[in-house]
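The values are calculated or read from the model by the stated rules, or taken from the named source; none is laboratory data. Since we're looking at a predicted model, the values are computed, not measured. Every residue, glycine among them, receives a Cβ derived from its backbone with ideal geometry; neighbour counts consider all protein chains shown. All accessible areas refer to the heavy atoms of the entire protein, side chains included, with ligands and DNA or RNA removed. Shrake-Rupley method; radii C 1.70, N 1.55, O 1.52, S 1.80 Å.
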Amino acid sequence: KESEKIHEKIEIKINQKRPSISDKVLVKVYGHRGNMYLSQGQFEKAINLENEALLFAKEDRDIAWVYVNQANIYERSDEIVKAIALHKKALEKRKTIFPDMHPVIARQYNQLISLELKKDDIQNLQDYIDKVNFSDTPLPL
């Protein structure tokens, strides 16, 4: 309850459109509020806040972060197909930031593998496993 009061105060400041609050900060505020509602099992409120965060996301890194948050909400609400679609979108954004063999890319594929296991989609599962087979390649620093 206390965290909700704090977030409500932040919401009031956001609604006042204070010029000192950057879009990047708004993405994080809405995203963290969405995560708070996700942890409480309030999926609709969580996804609405993540949609708000997406409106302020300008950089690929922030957009990918919101997509992952949205995917996590759909995964928790057992909407696996929607979660997979959002993780794929996040992966595409992250590929514009990180090289193919980067650990962030590998983690994104790992999320997709985990979801495909839940869905029992063996073909897609094998495709993702093939893409993250980095055993012969040193990871970038």
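On the Cα set of segment 23-105, report Rg and Dmax in Å, please.
Considering segment 23-105 through its Cα atoms, Rg and Dmax are 12.4, 36 Å.
Report ³J(HN,Hα) in whole Hz for each residue of segment 61-75, in order, from the Karplus equation J = 6.51 cos²θ - 1.76 cosθ + 1.60 where θ = phi - 60°; Gly and Pro get x.
Coupling constants for segment 61-75: 4, 6, 4, 4, 4, 5, 4, 5, 4, 4, 4, 5, 5, 5, 5 Hz.
So which of K95/K131; K45/K119; K58/K131; K82/K131; K93/K131; K88/K131 end up more than 23 Å apart, counting from Cα to Cα? Don't skip to the answer; put the middle values down first.
Values: K95/K131 13 Å; K45/K119 25 Å; K58/K131 28 Å; K82/K131 21 Å; K93/K131 17 Å; K88/K131 13 Å.
Violating the 23 Å limit, Cα to Cα: K45/K119; K58/K131.
Quote the accessible area belonging to R33 in square angstrom, nearest 10, computed with a 1.4 Å probe and with ligands, DNA and RNA left uncounted.
For R33, solvent-accessible area is about 20 Å².
Mind giving me the FRET efficiency for K5 and V104? R0 is 41 Å, r the Cβ-Cβ distance, nearest 0.05 is fine.
Numbers: r = 35 Å, r/R0 = 0.84.
That pair, K5 with V104, gives E of 0.75.
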